[in-house]
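**Q** Take a look at the following structure, please.
The values are calculated or read from the model by the stated rules, or taken from the named source; none is laboratory data. None of the values given here were measured: they were computed from a predicted structure. Heads up, the Cβs are rebuilt from the backbone with ideal geometry, glycines too, and the neighbour counts pull from every protein chain shown.
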Amino acid sequence: MRKDNIVDNFHGTLVADPYRYLEDTSDPDTTAFIARHDARAVQFFSDIPAREPLRERLAELWNHPRYTVPQRVGTRYFFQKNDGLQNQAVLYMQEGLEGTPRVLLDPNTFSADGTVALTNTSVAKCGKLLAYARSVSGSDWQEIRVLAVDGGQEYPDVLHHVKFTNIAWLPDGSGFFYSRFQDPTTVKPGEESYHNKVYFHTLGTAQSDDKLIYERPDFRELGFSPAVSEDGKYLFLTVWHGTDPVNRFYYQELGAQAGVVKLLDTADAAYHILGNEERKFYFYTTLDAPRGKIVAIDINRPAQEHWQTIVPETNESIDQTHLINEQLVITYLRHAHHAVRLFTLDGTSDGTVELPTLGSVTDVSGKKHHDAMFFSFTSFLFPATVFRYDFKTRSLAPVWGSTMNFDHTAYEAKQVFYPSRDGTQVPLFIVHKRGLSLDGKAPVLLYGYGGFNISMTPSFSEGVVAWLERDGVWAEACLRGGGEYGEDWHRAGMLANKQNVFDDFHAAAEFLVRENYTSRQHLAIMGGSNGGLLVAACMTQRPELYGAVVCRVPVIDMLRYHKFTVGRYWVGEYGNADADPEHFRFMYAYSPLHNVRAGVDYPPTLIMTADTDDRVVPAHAFKFMATLDEHYTGDNPIIMRVEMKAGHGAGKPTSKIIAESADMYAFLAKVIG
């Protein structure tokens, strides 16, 4: 296999990068590399007897209706529904709660193979105009179009160079605010995700006529998420700098001659706008409150000494905040599962929303003037179900019942705590069949993420059910780096503290073996994206601890990750080895690509990536596979699976999800039982 003599000097340390050509997917040697490993993977999976039964069972499990949370606009309700095996969910609209749903937009007509997805929707306040975004092959890049809700006619408007934006209509439906990047053909390679700007698009006009609302040419790395206040008086701009856990907040008074006001411009904490009462703005913030609090800022007196604390910080972390029914709806994290509490706008406690079981609340919808809200609730043994909460009667009821063929009573889920290397207590969820014998023989799949302030809370997965049915155990660790215990927990697993995340995961594996759930030979680990980095680092650090590794769309090359697509967004989380010698030191110490060693018996490993992933580029997986090819001489299978016409995961068609899951669980069935 081709190796190039490329050596970089990082602050006096020479680091070889012989497989850099694999970063270029147009290089003939890269094409040949992919083809060679694809043929190997096809042969490997075709020889596993469990593969087809798993595929069939997964199709049965997926074949049930699934709904998104309704969005109420006036008297109309908009939601998506997948009948079961449709590649993409269909967008519906109905008049009133008891109305008959009608198809508004069917993304399955966008492409024959389901690889063009509906990725964003925004309905104008009149309920008669829909702006929607779609992407191709899982790309983060989108195009925005407009549809007439009543007649179904498509407007000629098509907006390009868009990703990571809201679509914010003016109340009169004349147009909307959005953010976009420059035409990629007009910027230097590698700068496609710089120079984000806010525009206003007037309905029925060409994108070239859009009005520039705001930009920061002095700070090309900033991004903007526009929103219009419910009263229609303000344009809100949440200003972000990659995935950093802090942000800025600007606003503009609509219809006035004044420009954009930089209300919060120090980037010293997180600030998420909930809404406003005239000139009083309500925010969630982590300023002097790592577990979060709610404050009110009078924009006539914006100095911090005039801020009003509405809901102070507690020992439980705030995970979600909403302003509905003229009150605050706050979802708290209680040891990595959710509790929903209500408060008046002066901060007075107003009761709780009793949830069905230990689990997670997602996708809350409702407006300040609505007397009801919708949310989805899920847990390991509770398929995602949409509920409606009536504030007047304080009653909770499902909107659509689950028809899934799954007997949850045959299984149990519990939460335990285990000590990490430094004594930190870490939560661990464990799910298995009732009556499990703790004899150290059960196949266990340990999952983790540990980064970007993302919390691992209970959720339902058809793939996990298939695993449980085959006598497997699912374990999910709530590692440092996540948001389970607020910003302090997050910071304990980022930058120079990243090793804590790996130590937490190693300790989870040791706990499962020590408590006789499994043995090393029957213990597999799995993670994706930042979780792919997690399992790859754990594999290279403690190969003797794990029986198998499933490494999905991983970040692998920690010295160059920031040079690819949106990798620079993560510098606040990981660091920059080019710019900072101390960053290089700790990143080089765990970077999976640079810690593969010859003569080590690595466990069976499945590396999964996608050819058009433009968030974590497939070069990470390619270079990792090539390095393992070079150094590993043992008998364990090291397989790379490349999904074609797919991205990082969002918008992936159901058929691809089932095929990918079947291969993954077939791999585990073969290597750990």
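**Q** Hey, can you tell me all the residues within region 385-414 that are of a type in the set (Gly, Ala, Ser) and in contact (Cβ under 8 Å) with a residue 12 or more places away in the chain?
**A** Gly401, Ser402, Ala410, Ala413
**Q** Further question: Checking the conditions here, which among Gly572, Gly547, Gly531, Gly567 is surrounded by fewer than 19 Cβ atoms within 10 Å (Cβ to Cβ) and either of a type outside the set (Ser, Thr, Tyr) or touching a Pro at 6+ places or on another chain (Cβ under 8 Å) (or both)?
**A** Gly572
**Q** Give the residue that is modelled with the highest pLDDT, with candidates limited to residues of region 1-48 that are of a type in the set (Gly, Ala, Ser) and part of a loop (DSSP other than H, G, I, E, B).
**A** Gly12
So that you can scan it fast, the table gives a plain yes or no per residue for (1) in the same structural domain as Asp83 (by TED's automatic domain parsing); (2) touching a Ser or Thr at 6+ places or on another chain (Cβ under 8 Å); (3) part of a loop (DSSP other than H, G, I, E, B):
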position: Leu559; (1), (2), (3): no, yes, yes
position: Asn576; (1), (2), (3): no, no, yes
position: Phe586; (1), (2), (3): no, no, no
position: Leu593; (1), (2), (3): no, yes, no
position: Ala598; (1), (2), (3): no, yes, yes
position: Val642; (1), (2), (3): no, yes, no
position: Ala650; (1), (2), (3): no, yes, yes
position: Ala659; (1), (2), (3): no, no, no
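**Q** Would you be able to say whether some residue in region 346-353 is touching a residue at least 24 places away in the same chain (Cβ under 8 Å), in contact with a Ser or Thr (Cβ under 7 Å, 6 or more places away or on another chain) and not in a strand (DSSP E or B)?
**A** Among the residues of region 346-353, not one is touching a residue at least 24 places away in the same chain (Cβ under 8 Å), in contact with a Ser or Thr (Cβ under 7 Å, 6 or more places away or on another chain) and not in a strand (DSSP E or B), which makes the answer no.
**Q** Follow-up. Please verify whether region 526-544 includes one or more residues that are aliphatic (A, V, I, L, M), closer than 25 Å to Ala492 by Cα, assigned to a strand (DSSP E or B) and modelled with pLDDT of 95 or more.
**A** So far as region 526-544 goes, yes, one or more of its residues are aliphatic (A, V, I, L, M), closer than 25 Å to Ala492 by Cα, assigned to a strand (DSSP E or B) and modelled with pLDDT of 95 or more.
**Q** Sticking with this one: Might you let me know whether region 621-629 holds any residue that is in a helix (DSSP H, G or I), in contact with a Lys or Arg (Cβ under 7 Å, 6 or more places away or on another chain) and either among the aromatic types (Phe, Trp, Tyr) or in contact (Cβ under 8 Å) with a residue 40 or more places away in the chain (or both)?
**A** The answer is no; no qualifying residue exists.
**Q** Follow-up. With respect to Glu215, determine if the residue is of a type outside the set (S, T, N, Q), over 22 Å from the mean Cα position of the chain (by Cα), in the same structural domain as Leu254 (by TED's automatic domain parsing) and within 23 Å of Val261 (Cβ to Cβ).
**A** Answer is yes for this residue.
**Q** Right, here's the next one. If Ile294 satisfies all but one of (1) at pLDDT below 95; (2) farther than 25 Å from Trp169 by Cα, what's the number of the condition it fails?
**A** Status for Ile294: all satisfied but (1).
**Q** Also, quick follow-up: Can you pull out every residue in region 394-408 that is modelled with pLDDT of 95 or more and either within 30 Å of Ala59 (Cβ to Cβ) or not polar (S, T, N, Q) (or both)?
**A** Passing the criteria: Arg394, Leu396, Ala397, Pro398, Val399.
**Q** Within region 266-288, take every residue that is outside any strand (DSSP E or B) and of a type in the set (Ser, Thr, Tyr) and give me the one that is farthest from Glu221 (Cα to Cα).
**A** Thr286
**Q** I've got another one for you. Looking only at residues in region 480-525 that are part of a strand (DSSP E or B) and hydrophobic (A, V, I, L, M, F, W, C), which one is nearest to Val571 (Cα to Cα)?
**A** The qualifying residue nearest to Val571 (Cα to Cα) is Ile525.
**Q** Do you know which of the residues in region 221-235 that are touching a residue at least 60 places away in the same chain (Cβ under 8 Å) and among the hydrophobic types (A, V, I, L, M, F, W, C) is farthest from Leu274 (Cα to Cα)?
**A** By that ranking, first place goes to Leu235.
Residues checked against (1) out of contact with any Gly (no Cβ under 8 Å at 6 or more places or on another chain); (2) free of Cβ contacts under 8 Å to residues at least 24 places away in the same chain; (3) assigned by TED's automatic domain parsing to the domain that holds Ala507; (4) among the basic types (Lys, Arg):
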residue: Tyr418; (1), (2), (3), (4): yes, no, yes, no
residue: Pro427; (1), (2), (3), (4): yes, no, yes, no
residue: Ser437; (1), (2), (3), (4): yes, yes, yes, no
residue: Pro458; (1), (2), (3), (4): no, no, yes, no
residue: Trp467; (1), (2), (3), (4): yes, no, yes, no
residue: Asp471; (1), (2), (3), (4): yes, no, yes, no
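**Q** Could you list, in sequence order, the residues of region 442-479 that are β-branched (Val, Ile, Thr) and either in a loop (DSSP other than H, G, I, E, B) or within 19 Å of the chain's Cα centre (by Cα) (or both)?
**A** Those that are β-branched (Val, Ile, Thr) and either in a loop (DSSP other than H, G, I, E, B) or within 19 Å of the chain's Cα centre (by Cα) (or both): Ile454, Thr457, Val464.
**Q** Take region 124-149 and flag every residue that is outside any strand (DSSP E or B), on the phi < 0 side of the Ramachandran plot, small (Gly, Ala, Ser) and over 25 Å from the mean Cα position of the chain (by Cα).
**A** Ala124
**Q** List every residue pair whose Cβ atoms lie under 6 Å apart, where the two residues are 6 or more positions apart in sequence or sit on different chains, the first residue falls within region 297-322 and is more than 18 Å from Phe249 (Cβ to Cβ) and surrounded by fewer than 14 Cβ atoms within 10 Å (Cβ to Cβ), and the second residue, located anywhere, is modelled with pLDDT of 95 or more and not polar (S, T, N, Q).
**A** Note: pairs meeting the criteria are Pro312/Lys293.
**Q** Return the pairs, sorted by first residue and then second, in which the second residue is in a loop (DSSP other than H, G, I, E, B), the first residue lies in region 186-198 and is in the same structural domain as Phe236 (by TED's automatic domain parsing), the beta carbons are less than 6 Å apart, and the residues are 6+ apart or on different chains.
**A** Ser193/Val566; Tyr194/Arg220; His195/Gln182; His195/Arg220; Asn196/Phe181; Lys197/Glu215
**Q** Need the failing condition index for Thr540 against (1) closer than 25 Å to Ala659 by Cα; (2) of a type in the set (S, T, N, Q); (3) over 21 Å from the mean Cα position of the chain (by Cα), just the number.
**A** Result: Thr540 fails condition (1) only.
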